Amino acid sequence: MAAPQQNPSAAQKFLDRLPFPERTFLAEALRTETVGGVLLLLAAVAALVWANSPLSAGYETVRDFHLGPAVLGLDLSVQHWAADGLLAVFFFVAGVELKRELVAGELRDPRAAALPVVAALCGMVAPALVYVVVNTAGGGSLDGWAVPTATDIAFALAVLAVIGTSLPSALRAFLLTLAVVDDLFAILIIAVFFTGELNFAALGGAVAGLAVFWLLLRKGVRGWWVYVPLALVIWGLMYNSGIHATIAGVAMGLMLRCVRREGEAHSPGERIEHLVRPVSAGLAVPLFALFSAGVSVSGEALGHVFSRPVTLGVVLGLVVGKAVGIFGGTWLTARLTRAELNEDLEWADLFAVATLAGIGFTVSLLIGELAFAGDPAQTDEVKAAVLMGSLIAAVLASVLLKLRVRRYQALLAEEERDEDHSGVPDIYEDGDPAYHLRMAELYERKAAEHRRRAAAGRPAGEAGNAAGNAAGGGANGRAGGAAQDGGAAEVAGAPRGDGDGPA
C-alpha cells in the first residue's frame with residue numbers, strides 16, 4: 001500500500017502530526033535510542049556504584065590502564081579510548097542524523113526548521129550565560145561555560161521509557177530534532193574551542209582520507225571491509241592532528257547519501273545508520289558512561305556541587321538555563337512568526353520537554369573532560385555536577401509530564417488506531433476514499449453480527465413479550481407475548497415495547 005499523503009491544503013502547525021513516513025522512521029530510531037538510553041542509565045549507575053564501593057581502586061586501575069600502539073601516538077587509557085574512540089561512532093550516527101534531517105527531515109524546510117533551530121540555539125546560549133553569570137559573580141572559572149550546553153537524547157528517552165509517559169510523536173520528534181541541532185553546535189564547540197596545537201601533516205592526511213571516503217561513496221563502492229579500515233585510518237590521523245577525533249566521525253556521517261533514489265527502499269545513509277546505531281547506542285555510549293561517570297558522590301562532594309561557582313553554574317545551566325532557553329526561544333519565535341501551536345497540545349507540554357532537555361550527560365561529560373583536562377579534581381567535581389543537574393532535570397520533567405499523562409495516552413492511542421487493519425493508522429487515511437469504503441464494509445459486518453447475536457441470544461418468552469408489547473402494550477402485550485411463545489424465533493428481532501413487558 002502506498003504511503004498516505006498529508007492534505008496539502010491543510011495549514012501546517014507547530015508540533016503538528018508528522019507525515020506517516022517520517023513518523024515510521026522516527027519510531028524505529030527512537031526504539032533503538034530508548035534501549036540504548038536504558039543501557040546508558042545502567043552503565044552510569046554501575047560506574048557510580050563501582051567507583052564508590054570498596055572496589056573503587058579496581059575501577060581506577062581499569063579506567064587508567066593504557067593500551068595501543070605508541071609509535072602511532074595511540075597509547076591511550078581505557079577512558080581515553082572510550083571518549084575519543086567509541087564516541088566517534090556516536091558522532092558518526094549524529095552526522096548521519098543531521099544529514100538526513102537536512103535533506104529529508106524536519107530541517108529541509110527553512111520555515112519548519114526555524115523553531116527547532118532557534119530552540120536549540122537558545123537552549124545552548126542560555127545555559128552558557130547562566131554559567132558565566134554564576135561564575136563571574138562567584139569568582140569561579142569560565143573554562144566550563146560549554147559544559148551545560150548539550151542535551152543527551154538517549155538519556156532523555158530512557159527517562160521517558162522509565163516513567164511511561166506515552167509522549168505523542170510530535171513532541172518526541174521535536175525533542176529528537178532539537179538534540180540533532182544541539183549535537184551539531186556541540187560538535188562546532190569542540191572543534192573550535194577544544195582544538196590543541198595542529199599537526200598539519202596529520203590533518204592533511206585526514207582530509208585526504210576523507211576525500212577518498214567521499215569518492216568511494218560517490219562511485220557506489222560497497223563493502224564494510226573497504227570503509228571500516230579507511231575510517232580507522234582517518235580517525236587515527238584526525239586524533240594526531242590536534243582536532244578532537246570525534247570530528248572524523250561527524251565528517252564521514254555527513255558524506256553519506258540520505259535521499260532515496262528510484263527503486264530504493266532505503267538510502268545508503270539509512271541502511272548504514274540502521275546497522276551502526278545499535279553499536280553506538282548499545283555499546284559505544286554505555287562504555288563511555290561506564291568509564292566517565294565513576295565519580296565520588298559522598299556528602300562532602302555533593303555539598304561542593306551546590307557551594308562552588310563552577311559546579312553550581314553547571315547545575316543551574318542544565319536545570320534552569322536549558323528550560324528557559326528552549327521554551328523562551330520557541331515561544332518568542334512562534335509569536336514573531338505567528339506560528340500556531342497544535343490545538344491538541346499546550347505550551348506547558350513544550351515546557352516539560354524543554355525541562356527534559358536539561359539532561360546533559362554524554363557530551364556534557366566529554367566537554368567537562370576537555371575543559372578541565374589539566375585538573376583531575378575539578379574534572380570529577382564537574383562530572384558530579386553534570387550528574388546532579390541531569391538528575392534534577394529528569395525528576396522535574398517526570399513530574400511535569402506525569403501531570404498530562406492521560407492526555408498523552410489518549411493522543412497516542414488516536415495516532416496508533418488502525419481499525420481497518422491496513423497497517424496504516426486511520427488518522428493518516430481520512431482523505432482516502434478506499435479507507436472509508438473499507439470502514440463501511442467493516443461496520444456493516446459488525447452490524448450483521450450483532451443482529452445475528454440478538455436473534456440467537458434473546459429468550460423466547462422475552463421475544464414474545466416484546467412483540468406483544470409492540471402490538472398492544474401493557475397487559476394485552478403480556479398476553480400477546482404468551483400466545484406467541486411458540487413463534488418466538490420469527491419475531492426475535494422485533495423492537496421491545498415500552499409497556500409493562502420485561503426490560
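A few points about this structure:
- Selected residue (criterion: most open to solvent (accessible area, probe 1.4 Å)) from residues of region 322-342 that are part of a loop (DSSP other than H, G, I, E, B) and either touching a residue at least 12 places away in the same chain (Cβ under 8 Å) or in contact with a Ser or Thr (Cβ under 6 Å, 6 or more places away or on another chain) (or both): Glu340
- Residue count, region 160-170 (criterion: assigned to a helix (DSSP H, G or I) and either surrounded by 23 or more Cβ atoms within 10 Å (Cβ to Cβ) or touching a His at 6+ places or on another chain (Cβ under 9 Å) (or both)): 1
This table checks each residue for (1) touching a Leu at 6+ places or on another chain (Cβ under 9 Å); (2) open to solvent by less than 50 Å² (accessible area, probe 1.4 Å); (3) among the hydrophobic types (A, V, I, L, M, F, W, C); (4) within 20 Å of Ala150 (Cβ to Cβ).
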position	(1), (2), (3), (4)
Leu41	no, no, yes, yes
Ala51	no, yes, yes, no
Leu67	yes, no, yes, no
Val71	no, no, yes, no
Val93	no, yes, yes, yes
Glu97	yes, yes, no, yes
Arg111	no, no, no, no
Val118	yes, yes, yes, yes
Met124	no, yes, yes, yes
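- Flag if Val180 is touching an Asp or Glu at 6+ places or on another chain (Cβ under 6 Å), of a type outside the set (Lys, Arg) and at negative phi: yes
- So Ala447, is it small (Gly, Ala, Ser), modelled with pLDDT of 85 or more and open to solvent by less than 50 Å² (accessible area, probe 1.4 Å): yes
- Residue list for region 191-206, filter: farther than 10 Å from Ser241 by Cα and either in contact (Cβ under 8 Å) with a residue 40 or more places away in the chain or open to solvent by less than 50 Å² (accessible area, probe 1.4 Å) (or both): Ala191, Phe193, Phe194
- Hey, Arg277 of a type in the set (Lys, Arg), under 22 Å from Arg31 (Cα atoms) and touching a helix residue (DSSP H, G or I) at 6+ places or on another chain (Cβ under 8 Å) or not: yes
- Total residues in region 370-429, condition touching a residue at least 24 places away in the same chain (Cβ under 8 Å), closer than 20 Å to Thr151 by Cα and assigned to a helix (DSSP H, G or I): 21
Results for (1) open to solvent by less than 50 Å² (accessible area, probe 1.4 Å); (2) among the β-branched types (Val, Ile, Thr); (3) not in a helix (DSSP H, G or I), shown as yes or no for each residue.
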| position | (1), (2), (3) |
| --- | --- |
| Phe155 | yes, no, no |
| Leu184 | no, no, no |
| Ile189 | yes, yes, no |
| Ala208 | no, no, no |
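- Among the residues listed as Ala470, Ala455, the single one being at pLDDT 50 or above, in a helix (DSSP H, G or I) and out of contact with any Leu (no Cβ under 6 Å at 6 or more places or on another chain): Ala455
- Among the residues listed as Leu237, Leu216, Leu232, Leu254, the single one being free of Cβ contacts under 8 Å to residues at least 24 places away in the same chain and surrounded by 15 or more Cβ atoms within 10 Å (Cβ to Cβ): Leu216
- Single residue of Leu366, Leu283 found to be at pLDDT 90 or above and buried (at least 20 other Cβ atoms within 10 Å of the Cβ): Leu366
- Criterion (more than 19 Å from the chain's Cα centre (by Cα) and at positive phi) met by exactly one of Gly68, Gly138: Gly68
- Within region 399-427, considering residues that are over 18 Å from Leu345 (Cβ atoms) and among the small types (Gly, Ala, Ser), the one surrounded by the fewest Cβ atoms within 10 Å (Cβ to Cβ): Gly423
- Candidates Ala377, Ala373 - the one that is under 24 Å from Ser292 (Cα atoms), out of contact with any helix residue (DSSP H, G or I) (no Cβ under 8 Å at 6 or more places or on another chain) and surrounded by fewer than 18 Cβ atoms within 10 Å (Cβ to Cβ): Ala377
- As a summary of the residue check, Ala126 satisfies the conditions (1) modelled with pLDDT of 85 or more; (2) among the small types (Gly, Ala, Ser); (3) under 25 Å from Glu270 (Cα atoms) except for the one numbered (3).
- Any hit, region 345-356, residues being open to solvent by less than 30 Å² (accessible area, probe 1.4 Å), in contact (Cβ under 8 Å) with a residue 12 or more places away in the chain, outside any helix (DSSP H, G or I) and farther than 27 Å from Leu121 by Cβ: no
The values are calculated or read from the model by the stated rules, or taken from the named source; none is laboratory data. Everything quoted here is computed from the prediction, not taken from an experiment. No Cβ is skipped: glycine too gets one built from the backbone with ideal geometry, and neighbour counts run over all protein chains shown. Heads up: the accessible areas ignore ligands, DNA and RNA and are worked out on the full protein's heavy atoms, side chains in. Shrake-Rupley method; radii C 1.70, N 1.55, O 1.52, S 1.80 Å.
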